[in-house]
Amino acid sequence: MTKVAIIGAGPCGLSTLRSFEQAEKKGEKIPEIVCFDKQDDWGGLWNYSWRTGSDQYGDPVPNSMYRYLWSNGPKECLEFADYSFDEHFGKPIPSFPPREVLYDYILGRVKKGNLKDKVKFSTTVTNVIYNGNNFEVTYRDKKDDKSSTDVFDYVVVANGHFSVPFIPEYPGMKAFPGRILHSHDFRDAEEFRDKNVVVLGSSYSAEDVALQCHKYGAKSVTIGYRHNPMGFKWPNGMKEVFHLDRLEGNKAIFKDGHVQETDAVILCTGYLHHFPFLSEDLKLKTGNRLYPPKLYKGVIWQNNHKLIYLGMQDQFHTFNMFDCQAWFARDVIMGKIKVPDNSEIEKDINKWVSIEEKLENADQMIDFQTEYTKELHTLSDYPKIDFELIRKTFKEWEHHKVENIMTYRNKSFSSPVTGSVGPKHHTDWETAMDDSLKTFLDQPKK
Ligand SMILES: Cc1cc2nc3c(=O)[nH]c(=O)nc-3n(C[C@H](O)[C@H](O)[C@H](O)COP(=O)(O)OP(=O)(O)OC[C@H]3O[C@@H](n4cnc5c(N)ncnc54)[C@H](O)[C@@H]3O)c2cc1C
Ligand SMILES: NC(=O)c1ccc[n+]([C@@H]2O[C@H](COP(=O)([O-])OP(=O)(O)OC[C@H]3O[C@@H](n4cnc5c(N)ncnc54)[C@H](OP(=O)(O)O)[C@@H]3O)[C@@H](O)[C@H]2O)c1
């Protein structure tokens with residue numbers, strides 16, 4: 001029997017488990033599957049942890065999410081085609097839910113069957129080599145501190161790429177009297193109440209961590225961009241300036257001459273694609289981009305078609321794109337989709353990479369990833385979902401952010417699966433301090 005190892009039980013690993021479950025329900029004979037996750041429960045980044053640094057076993061903590069994190073894109077863009085929000089919550093819910101709500105939704109789809117039995121928790125994959133025939137996968141059961149090696153025909157790498165922070169150094173950091181941290185270790189904006197905060201970066205973490213600090217009472221928030229400013233209309237108390245030059249004592253000195261006294265520097269400088277468990281010949285080497293190299297259809301490793309990477313792209317689309325990837329990968333593993341010869345693969349990868357390299361703005365990037373996801377969607381029996389509506393929703397969302405970065409999360413969109421429209425949330429995001437599932441779902445009594 002074919003044996004498949006899945007590394008990671010985050011959204012991508014769960015998409016893979018679900019894809020096989022659906023095939024089995026249709027009466028197909030599925031491979032033997034073992035999924036490994038180094039955490040003690042599933043859900044990946046959505047499984048919030050207060051921990052930073054290493055866990056109780058000395059293993060690096062993968063979590064990068066923080067308290068009060070709300071979805072930064074409309075939930076309608078990430079909805080599962082085979083499990084709608086309406087089905088999970090029994091009613092339409094607002095378009096921008098907090099983390100706990102999305103976590104509940106992700107797990108709702110996989111909880112019902114026996115998928116959890118296929119996951120070895122608190123188990124870190126430490127080594128994967130290809131012996132010319134199959135993969136030897138070594139893993140450590142952290143609770144028992146015991147290493148074992150098993151042999152698999154296919155390996156699905158679904159360990160995420162927003163867990164290992166990229167941490168640059170700027171002059172003056174060693175002598176800085178305040179706190180320096182990466183967004184990976186940011187957990188609670190309350191810590192920065194009444195403080196002057198400098199945030200470095202110009203992408204989603206910089207945007208949201210800066211907004212969080214402002215929302216929860218920081219005295220000032222100064223964002224230092226390196227190449228392009230985000231350029232939103234920031235509220236009073238927030239500003240965006242050009243690139244940090246150095247720290248001098250508690251002063252942050254920027255290259256545009258701006259000087260800001262600061263208590264904390266939060267590095268929102270992105271993450272590394274990090275695969276310490278893979279041998280060199282199997283290792284994807286890439287920055288955070290929309291079409292990483294050497295991946296046929298964005299998933300199959302060009303040099304070894306039995307190695308599959310999920311979710312390694314920079315992400316506009318998330319959960320339903322992961323599903324399209326997982327359904328495609330499943331059909332490759334089950335022999336229903338034939339991987340073409342090397343020259344065809346090369347041509348296909350080059351086509352996508354050359355389009356990706358010419359993208360200039362967010363609308364074009366949304367179009368690119370929508371086209372990619374739509375193509376994958378046609379290749380498997382992943383259920384019907386309206387990707388054209390998702391494309392339109394993403395673009396409206398981008399424009400809402402430009403209009404007002406403080407209010408874009410108060411907007412509503414319609415579902416690409418059921419067509420229902422997300423109701424307006426009872427409290428505007430800016431004043432909604434409690435991010436619990438209960439508060440989000442319960443309409444407060446008037
Ligand atoms: C701060 C932050 C906020 C985000 N917010 C949103 C959002 O609002 N909406 C959205 O759609 N997306 C968001 N994302 C994007 C996020 O990447 C995806 O939603 C999703 O979590 C990716 O799923 P994944 O399975 O690829 O990776 P992950 O969620 O990272 O899961 C990977 C899993 O692999 C496990 N693992 C890692 N290494 C090993 C190993 N060696 N052995 C065994 N197990 C291992 C980890 O424990 C983890 O459970 C956010 C990302 C970050 C960092
Ligand atoms: N739900 C939410 O609200 C939420 C919140 C946070 C994050 N996220 C998600 O988390 C994921 C990761 O986002 P991310 O912003 O952490 O990573 P990212 O998108 O890869 O961006 C990395 C940023 O770091 C900057 N950078 C790198 N090196 C730098 C340096 N030496 N000095 C200054 N800036 C530097 C880059 O700037 P250059 O452009 O100049 O290179 C870029 O702006 C995304 O999927 C995002 O959606 C979601």
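Readers should treat all values here as calculations from the given coordinates under stated rules, not as data from a laboratory. Just so it is clear, the model here is predicted, and its values are computed rather than measured. Counting neighbours? That spans all protein chains shown, and the Cβs are built from the backbone with ideal geometry, glycine included.
Report, by residue number, each residue of segment 378-409 that is over 12 Å from residue 77 (Cα atoms), in contact with a Ser or Thr (Cβ under 9 Å, 6 or more places away or on another chain) and in contact (Cβ under 8 Å) with a residue 40 or more places away in the chain.
Within segment 378-409, the subset over 12 Å from residue 77 (Cα atoms) is 378-384, 398-409.
Filter once more, keeping what is in contact with a Ser or Thr (Cβ under 9 Å, 6 or more places away or on another chain): 380, 382, 400, 409.
If the condition is that a residue be over 12 Å from residue 77 (Cα atoms), in contact with a Ser or Thr (Cβ under 9 Å, 6 or more places away or on another chain) and in contact (Cβ under 8 Å) with a residue 40 or more places away in the chain, then 380, 382, 409 are the ones that fit.
Considering every residue within segment 109-124, establish whether at least one is over 23 Å from residue 320 (Cβ atoms), assigned to a strand (DSSP E or B) and polar (S, T, N, Q).
Just the residues of segment 109-124 that are over 23 Å from residue 320 (Cβ atoms), to begin with: 114, 117, 120-124.
Add one more test, that the residue is assigned to a strand (DSSP E or B), and what stays is 120, 123-124.
With polar (S, T, N, Q) added as a condition, the list becomes 123-124.
Within segment 109-124, one or more residues are over 23 Å from residue 320 (Cβ atoms), assigned to a strand (DSSP E or B) and polar (S, T, N, Q).
Using the structure shown, decide if residue 102 is more than 12 Å from ligand 1 (Cβ to nearest atom), in contact (Cβ under 8 Å) with a residue 12 or more places away in the chain and crowded, with 17+ Cβ neighbours inside 10 Å.
Numbers: more than 12 Å from ligand 1 (Cβ to nearest atom): no; in contact (Cβ under 8 Å) with a residue 12 or more places away in the chain: yes; crowded, with 17+ Cβ neighbours inside 10 Å: yes.
Judged against the criteria, residue 102 is not a match.
Answer yes if at least one residue in segment 174-184 is surrounded by fewer than 18 Cβ atoms within 10 Å (Cβ to Cβ) and in a helix (DSSP H, G or I), and no otherwise.
There is no residue in segment 174-184 that is surrounded by fewer than 18 Cβ atoms within 10 Å (Cβ to Cβ) and in a helix (DSSP H, G or I).
Among the residues of segment 203-222, write down those that are part of a loop (DSSP other than H, G, I, E, B) and over 20 Å from residue 400 (Cβ atoms). If you could, list the steps in order and put the result at the bottom.
At the first step, the residues of segment 203-222 found to be part of a loop (DSSP other than H, G, I, E, B) are 203, 216-219.
216, 217, 218, 219, listed by residue number.
Residue by residue through segment 198-219, note down the ones that are in contact with a helix residue (DSSP H, G or I) (Cβ under 9 Å, 6 or more places away or on another chain) and within 14 Å of residue 254 (Cβ to Cβ).
The answer is 199, 200, 201.
If you take the residues of segment 291-311 that are away from ligand 1 (no atom under 14 Å from the Cβ) and under 29 Å from residue 226 (Cα atoms), which of them is surrounded by the most Cβ atoms within 10 Å (Cβ to Cβ)?
The extreme case among them is 291.
Specify the residue that is nearest to ligand 1 (Cβ to nearest atom); the eligible residues are those in segment 223-282 that are in a strand (DSSP E or B), aromatic (Phe, Trp, Tyr) and in contact with a helix residue (DSSP H, G or I) (Cβ under 8 Å, 6 or more places away or on another chain).
Start the filter on segment 223-282 by keeping residues that are in a strand (DSSP E or B), which leaves 223-225, 238-242, 244-248, 251-254, 259-261, 264-267, 271, 278.
This time we only want the ones that are aromatic (Phe, Trp, Tyr), so: 225, 242, 254, 271.
Next, from what is left, pick out any that are in contact with a helix residue (DSSP H, G or I) (Cβ under 8 Å, 6 or more places away or on another chain): 225, 271.
Values: 225: 19, 271: 7 Å.
Selected residue: 271.
Got at least one residue in segment 190-204 being in contact with a His (Cβ under 8 Å, 6 or more places away or on another chain) and either near ligand 2 (Cβ under 9 Å from one of its atoms) or farther than 30 Å from residue 277 by Cα (or both)? Spell out how you get there, then give the answer.
So the first thing to find is which residues in segment 190-204 are in contact with a His (Cβ under 8 Å, 6 or more places away or on another chain), and the list is 202.
Remaining after also requiring either near ligand 2 (Cβ under 9 Å from one of its atoms) or farther than 30 Å from residue 277 by Cα (or both): 202.
So far as segment 190-204 goes, yes, one or more of its residues are in contact with a His (Cβ under 8 Å, 6 or more places away or on another chain) and either near ligand 2 (Cβ under 9 Å from one of its atoms) or farther than 30 Å from residue 277 by Cα (or both).
Can residue 213 be described as within 16 Å of ligand 1 (Cβ to nearest atom), over 21 Å from residue 429 (Cα atoms) and in contact (Cβ under 8 Å) with a residue 12 or more places away in the chain? Show your work before the answer.
Values: within 16 Å of ligand 1 (Cβ to nearest atom): yes; over 21 Å from residue 429 (Cα atoms): no; in contact (Cβ under 8 Å) with a residue 12 or more places away in the chain: yes.
Here the answer is no, as residue 213 does not meet what is asked.
Quick test of your reading of the structure: residue 344 fulfils all but one of (1) part of a loop (DSSP other than H, G, I, E, B); (2) surrounded by fewer than 17 Cβ atoms within 10 Å (Cβ to Cβ). Name the failing condition by number.
With (1) part of a loop (DSSP other than H, G, I, E, B); (2) surrounded by fewer than 17 Cβ atoms within 10 Å (Cβ to Cβ) applied to residue 344, the lone miss is (1).
Which of the residues belonging to segment 400-428 are in contact with a strand residue (DSSP E or B) (Cβ under 7 Å, 6 or more places away or on another chain), small (Gly, Ala, Ser) and either buried (at least 20 other Cβ atoms within 10 Å of the Cβ) or within 12 Å of residue 389 (Cα to Cα) (or both)?
Passing the criteria: only 414.
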